[in-house]
1. Tell me whether segment 139-151 contains one or more residues that are under 15 Å from Leu57 (Cα atoms) and surrounded by 24 or more Cβ atoms within 10 Å (Cβ to Cβ).
2. Taking segment 29-60 on its own, how many of its residues are of a type in the set (A, V, I, L, M, F, W, C) and either at pLDDT below 95 or part of a strand (DSSP E or B) (or both)?
3. If you scan segment 612-648, which residues turn out to be over 32 Å from the mean Cα position of the chain (by Cα) and either surrounded by 14 or more Cβ atoms within 10 Å (Cβ to Cβ) or of a type in the set (Asp, Glu) (or both)?
4. Of the residues Tyr219, Tyr271, only one is surrounded by 23 or more Cβ atoms within 10 Å (Cβ to Cβ) and free of Cβ contacts under 8 Å to residues at least 40 places away in the same chain; which?
5. Hey, could you check segment 558-598 for residues that are of a type in the set (Ser, Thr, Tyr) and crowded, with 16+ Cβ neighbours inside 10 Å and say which is nearest to Leu371 (Cα to Cα)?
6. Of the residues Ala525, Ala503, which is in contact with a Leu (Cβ under 9 Å, 6 or more places away or on another chain), of a type in the set (Gly, Ala, Ser) and either outside any strand (DSSP E or B) or assigned by TED's automatic domain parsing to the domain that holds Lys364 (or both)?
7. Asn414 - would you say it is assigned to a strand (DSSP E or B) and among the polar types (S, T, N, Q)?
8. Does at least one position in segment 459-469 carry a residue that is closer than 27 Å to Ile381 by Cα and either modelled with pLDDT of 95 or more or in contact with a Phe, Trp or Tyr (Cβ under 9 Å, 6 or more places away or on another chain) (or both)?
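The values are calculated or read from the model by the stated rules, or taken from the named source; none is laboratory data. Computed from a predicted model, the values in this text were never measured in an experiment. Note: ideal-geometry Cβ built from the backbone for every residue, glycine included; neighbour counts use all protein chains shown.
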Amino acid sequence: MNTISKIQTKAITNNLESPYVKLKSINVTDCKWTEGFWADKFKTAEKVMVPYMGDVLCGDVGHALNNFKIAAGEKKGSHQGMFWHDGDFYKFMEAKTYIYAQNGDDKLLEELDEYIRIIGKAQEKDGYIQTQIQLREDADRYENRKYHEMYNTGHLLISGCIHYRITGQENFLNIAIKQADLLYTIFMPETKHFGRFGFNQTQIMGLVELYRTVGDKKYLELAERFIDNRGKYVVEHHSTTKGYPIGDMVQERTPLRESNEAVGHAVLALYYYAGAADVYAETGEKALINALDRLWENVTDKKMYVTGAVGQAHYGASTSLDMIEEGFIDAFMMPNMTAYNETCANLCNAMFSFRMLGLHGDAKYADIVELVLYNSGLSGISIEGKDYFYANPLRMINNTRDYHAHENVTETPNREPYLSCFCCPPNLVRTVAKVSGWAYSLSKNGVSVNLYGGNNLNTTLLDGSIIKLRQETEYPWKGIVKIIVEECKESSFEIMMRIPQWAKGSKLTVNGTDSEVEVVPGTFATIDRIWKKGDEIILDMPMEITFIEGHPRIEEVRNQVAIKRGPIVYCIETPDLPKDTKILDVYIKRDVTLEVKDQNDFLGGVTTLSGEVLLRPDIGEGMYRRIDNPKWESYKTQFVPYYAWSNRGQAEMTVFIPVIW
């Protein structure tokens with residue numbers, strides 16, 4: 001490898017030197033969870049999620065490592081798993097690297113080195129490494145985009161960069177560089193054949209991170225080329241698109257800089273937008289950020305669920321009537337029971353918003369990151385850390401759908417210990433493992449507090465001075481956050497406290513007195529002063545229980561409400577209702593009083609809400625029925641956090657509940 005030319009940091013997105021980023025990333029190791037919600041989740045990732053996933057992916061069930069062993073000549077057999085399974089393994093390696101960064105366990109590093117040795121041996125001399133092609137005789141390199149070579153490459157580049165930043169070793173990074181150099185040779189020239197390839201575009205993020213890591217501008221230029229190519233060519237089937245949807249499904253009908261609407265496969269779209277945000281961070285191209293602003297608003301204001309989930313439909317059509325899968329459909333069309341909301345898409349929504357937070361420095365983007373993390377992100381994995389959801393509907397009703405109607409089942413009524421399409425589990429686990437790196441950012445003269453949780457921060461401000469903060473809180477169950485300054489420079493600097501959009505009436509004090517700064521929900525409250533060791537900031541956010549209604553154009557939730565407390569969206573499950581009760585028989589009064597109950601030994605430790613619901617068991621027969629004198633039965637029950645549903649056996653569930661006004 002060539003000598004690294006740029007200052008190396010250990011950030012997830014290494015944007016320290018990116019000229020168009022307002023809030024810079026901290027190093028992965030700068031923030032460590034100490035107690036509370038995310039400390040518990042990280043411990044589960046360390047002790048259960050990553051080891052269990054390693055057993056699966058390195059064994060015969062997951063078969064991912066076996067694919068590399070076969071390509072390396074160390075095992076006999078054939079490729080198993082989806083075309084993108086190499087990328088799933090790279091994400092798992094990334095998660096394992098984040099765990100190593102926090103605990104320094106040399107055994108993890110040894111295991112990673114062994115994976116890297118095998119992958120390096122499987123890599124061909126010119127840098128090509130794609131086991132789904134290398135182990136088959138009926139496909140050639142870059143012959144058809146349906147084989148997801150770009151997706152795998154992107155995750156290889158990202159994982160290789162992260163591994164180098166955290167370990168200082170070049171073995172994995174060298175593999176990534178060889179693959180990226182091959183990519184540049186093939187895809188940088190203007191050709192119609194290769195111009196439509198980059199549709200599952202993790203390679204854009206990966207190329208920008210490689211540029212940030214080694215300082216070679218050709219990787220940034222190639223990332224731009226992939227953006228420039230979308231929407232450039234006539235949308236029709238040809239050899240590279242045979243067997244895979246075209247048009248809006250893969251965001252190729254409209255060039256990104258002209259786009260006003262999020263379309264097609266939600267994961268493909270949001271990886272694309274996140275990559276474009278990374279490119280803008282380096283180039284400052286106005287047309288790019290204008291498009292990204294429009295697309296972010298379109299997603300969050302017209303196509304996002306109350307849980308932060310995205311991708312309304314498994315199958316459907318775009319507004320241009322292109323066939324789409326697992327993705328965006330029309331604005332305000334938000335079904336509950338058939339909501340697809342792939343876990344990867346939800347996490348990509350957070351990834352995109354985190355990048356927009358860096359670019360604009362606006363707290364509204366961190367609000368979306370938080371919404372996803374506590375709701376539609378974590379709902380993808382069970383409390384114990386071994387069972388998964390691919391799709392995350394807002395309502396589950398028994399015996400209404402044939403979940404085995406399709407060859408590759410991704411919608412299931414129960415969490416599954418292994419999914420044949422395994423992209424979501426490692427994506428979620430790597431997110432849990434790295435989320436401490438999102439908790440804070442570096443401003444021009446200070447630090448922003450993006451996410452709340454018990455932690456210690458030990459980082460370097462942009463002027464080179466050391467800052468150490470300790471955060472104490474029981475968030476998200478309690479609304480009080482305490483920040484203690486443990487070390488800082490002698491001159492003034494700012495601490496930016498995020499005031500969530502829902503946190504109306506919040507109070508902010510410094511050393512027991514009013515902070516004298518404006519505290520506005522949905523913004524950062526910036527305290528700029530000369531700090532000293534022992535100074536205390538206390539943010540007190542009222543944790544009110546609120547009813548959330550949908551926009552009037554969302555027909556699926558008219559006259560229904562969701563329940564939210566702080567950042568947590570709640571649901572009701574049939575285990576908390578009388579036997580044989582159907583979830584569609586449940587209603588709630590508008591003026592119901594709900595009580596807060598902390599249950600440390602329930603569902604991994606949660607705060608539940610309890611109160612009265614109305615049951616209507618005499619609903620009658622037939623598709624349409626005359627209403628005479630409906631009878632109601634009152635029942636005292638509890639509501640649980642949405643992310644924790646389906647951890648007590650198979651159950652019906654709903655987030656939105658019909659309300660009796």
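1. Looking for residues that are under 15 Å from Leu57 (Cα atoms) and surrounded by 24 or more Cβ atoms within 10 Å (Cβ to Cβ), one finds none in segment 139-151, hence no.
2. Number satisfying all stated conditions: 2.
3. Passing the criteria: Glu612, Val613, Leu614, Leu615, Arg616, Asp618, Glu621, Asp628, Trp632, Glu633, Tyr635.
4. Result of the check over Tyr219, Tyr271: Tyr219.
5. Tyr570
6. Testing whether each residue is in contact with a Leu (Cβ under 9 Å, 6 or more places away or on another chain), of a type in the set (Gly, Ala, Ser) and either outside any strand (DSSP E or B) or assigned by TED's automatic domain parsing to the domain that holds Lys364 (or both) leaves just Ala503.
7. no
8. no
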